[in-house]
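J.: Here it is, the structure in full.
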Amino acid sequence: MTRRGTLGVAVIGTGRMGADHVRRIHQVTSGARVTAVVDIDAERAKAVAATVDGCAAYTDPVAAMAAADVDAVLVASPGPAHEAALLAAFARDLPVLCEKPLTPDAASALRVMEAERRLGRRRVQVGFMRRYDAEYRKLKALLETGQLGRPLMLHHRHRNVAGPPGFTSDMLISDSVAHETDVTRWLLGQEITAVTVLRPRPSANAPDGLQDPQFVVFETDGGAIVDVEMFVNCGFGYQVQAEMVCERGTARIGDGHAMVTHMAARWGGTIAQDFTERFADAYDREIQAWVDATRHGEVTGPSVWDGYAAAAVCEAGVRALTEGSRVEVELVERPTLYG
Ligand code: ISE
């Protein structure tokens, strides 16, 4: 622990998400300070480190983790780099918040799960932050009252204004639908057993060759049918909505009527333009929950099992997209470490 018992955090990856987490820990979160940032781009790491007094810049995650004032690690580097960072943190028995995806595929996620099991206790919270969004939490709470009856179907809509450069058809599943994969499992308390991906005509706004939008259908072991409209080049806003259809009623979130204006014979509102805006509160709650749990020697929230299950579902989804067929999800037996 650094001065006054605050948690010294090393943030690995200073791209858009990592830099936003540095700002969040520095300006919003209580009980933690960023004592190190890591990026292969040394200049970018230095620029982000310069925003926090006393923060050191590194290009090597292992060197950062060895620093005396690093008590915990926030992994926000690209997904393929997560496995090495997680194993390095385990080697120093450091607690980790790992941004989604845990790792890009089921095999590497299993390697991380086996490594954490060898430690004999959880060390990782995975960054599925929708579980910390106020609307999703209300939806889960309503489901748990039983007032609506059993869930039968769940409709997701996940729209981005424009996909980042180099975004591939597979990434619509592995990088974006990963969120619906986890939040479906969390809301329903069920595992996803099969995935089908339907291909609407690609939008003219999508880069040549990108299958965008996609319509993904999940089957669950509780008999629910879940669909996800995934559209990364919708052009008008960042929209994430969900409608739960149950035996005695429905509940819908994500309409985003934060403020409705009326003027000059017109009414209207605004639409968030990206995930850091739409889910700012969720990220704040997520990181605060991680810092609070870590300072008490606890690990809460989405686990490595959740990260593995999401990776296995997304791997099946990419196969379903590629092969144009329904693909069943194969999961190993859930270790007792994960409840
Ligand atoms: C991105 O990585 C996210 O996490 C966003 O929430 C999601 O909407 C976006 O599609 C992903 O690329």
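J.: If you take the residues in the range 158-215 that are within 15 Å of the ligand (Cβ to nearest atom) and of a type in the set (Asp, Glu), which one is farthest from the chain's Cα centre (by Cα)?
T.: Asp212
J.: I would also like to ask the following. In the range 48-106, which residues are assigned to a strand (DSSP E or B) and either under 23 Å from the mean Cα position of the chain (by Cα) or in contact (Cβ under 8 Å) with a residue 60 or more places away in the chain (or both)? I'd like the intermediate steps shown before the answer.
T.: Initial filter on the range 48-106 (assigned to a strand (DSSP E or B)): 56-58, 72-75, 96-99.
Scanning the range 48-106 gives Ala72, Val73, Leu74, Val75, Val96, Leu97, Cys98, Glu99.
J.: Moving on. In the range 315-336, is there at least one residue being farther than 25 Å from Ser108 by Cβ and in a helix (DSSP H, G or I)?
T.: No: the range 315-336 contains no residue that is farther than 25 Å from Ser108 by Cβ and in a helix (DSSP H, G or I).
J.: If you take the residues of the range 124-161 that are of a type in the set (D, E, K, R) and either in a strand (DSSP E or B) or in contact with a Leu (Cβ under 7 Å, 6 or more places away or on another chain) (or both), which of them is surrounded by the fewest Cβ atoms within 10 Å (Cβ to Cβ)?
T.: Lys140
J.: Something else: Would you point out the residue of the range 216-255, among those that are away from the ligand (no atom under 16 Å from the Cβ) and among the polar types (S, T, N, Q), that is nearest to the chain's Cα centre (by Cα)? Break it down stepwise before answering.
T.: First, the residues of the range 216-255 that are away from the ligand (no atom under 16 Å from the Cβ): 217-227, 243-252, 255.
Next cut, among the polar types (S, T, N, Q) only: 220, 250.
On the way: Thr220: 20, Thr250: 25 Å.
Among them, the one singled out is Thr220.
J.: Quick one: in the range 272-303, of everything that is assigned to a loop (DSSP other than H, G, I, E, B) and surrounded by fewer than 16 Cβ atoms within 10 Å (Cβ to Cβ), which residue is nearest to the ligand (Cβ to nearest atom)?
T.: Of the range 272-303, the ones assigned to a loop (DSSP other than H, G, I, E, B) are 272-274, 279, 296-303.
Remaining after also requiring surrounded by fewer than 16 Cβ atoms within 10 Å (Cβ to Cβ): 273-274, 296-298, 300.
On the way: Gln273: 12, Asp274: 8, His296: 27, Gly297: 29, Glu298: 25, Thr300: 20 Å.
Per the stated criteria, the residue is Asp274.
J.: For Met259, only one of the following conditions fails: (1) closer than 20 Å to Glu315 by Cβ; (2) more than 16 Å from the ligand (Cβ to nearest atom); (3) out of contact with any Leu (no Cβ under 6 Å at 6 or more places or on another chain). What is its number?
T.: The one condition Met259 does not meet is (1).
J.: Would a scan of the range 293-309 turn up a residue that is in contact with a Ser or Thr (Cβ under 6 Å, 6 or more places away or on another chain) and either β-branched (Val, Ile, Thr) or assigned by TED's automatic domain parsing to the domain that holds Arg199 (or both)?
T.: Applying the first criterion (in contact with a Ser or Thr (Cβ under 6 Å, 6 or more places away or on another chain)) to the range 293-309 yields 293.
When the remaining residues are screened for being either β-branched (Val, Ile, Thr) or assigned by TED's automatic domain parsing to the domain that holds Arg199 (or both), the result is none.
Within the range 293-309, none of the residues are in contact with a Ser or Thr (Cβ under 6 Å, 6 or more places away or on another chain) and either β-branched (Val, Ile, Thr) or assigned by TED's automatic domain parsing to the domain that holds Arg199 (or both).
J.: Could I ask something else about it? Which residues, taken from the range 11-47, are part of a loop (DSSP other than H, G, I, E, B), over 18 Å from Ala280 (Cβ atoms) and among the aliphatic types (A, V, I, L, M)? Please lay out each step first, then the result.
T.: First, the residues of the range 11-47 that are part of a loop (DSSP other than H, G, I, E, B): 13-15, 28-31, 39-41.
From what is left, the residues that are over 18 Å from Ala280 (Cβ atoms) are 13-14, 31, 39-41.
The one that is part of a loop (DSSP other than H, G, I, E, B), over 18 Å from Ala280 (Cβ atoms) and among the aliphatic types (A, V, I, L, M): Ile40.
J.: Let me ask you something else. Which ones in the range 189-222 are in contact (Cβ under 8 Å) with a residue 40 or more places away in the chain and of a type in the set (A, V, I, L, M, F, W, C)?
T.: Residues satisfying the conditions are Ile192, Ala194, Val195, Val197, Ala206, Leu210, Val216, Phe218.
The values are calculated or read from the model by the stated rules, or taken from the named source; none is laboratory data. Predicted model only: the values in this text are computed from it and were never measured. Glycine gets a Cβ as well: all are built from the backbone with ideal geometry, and neighbour counts include every protein chain shown.
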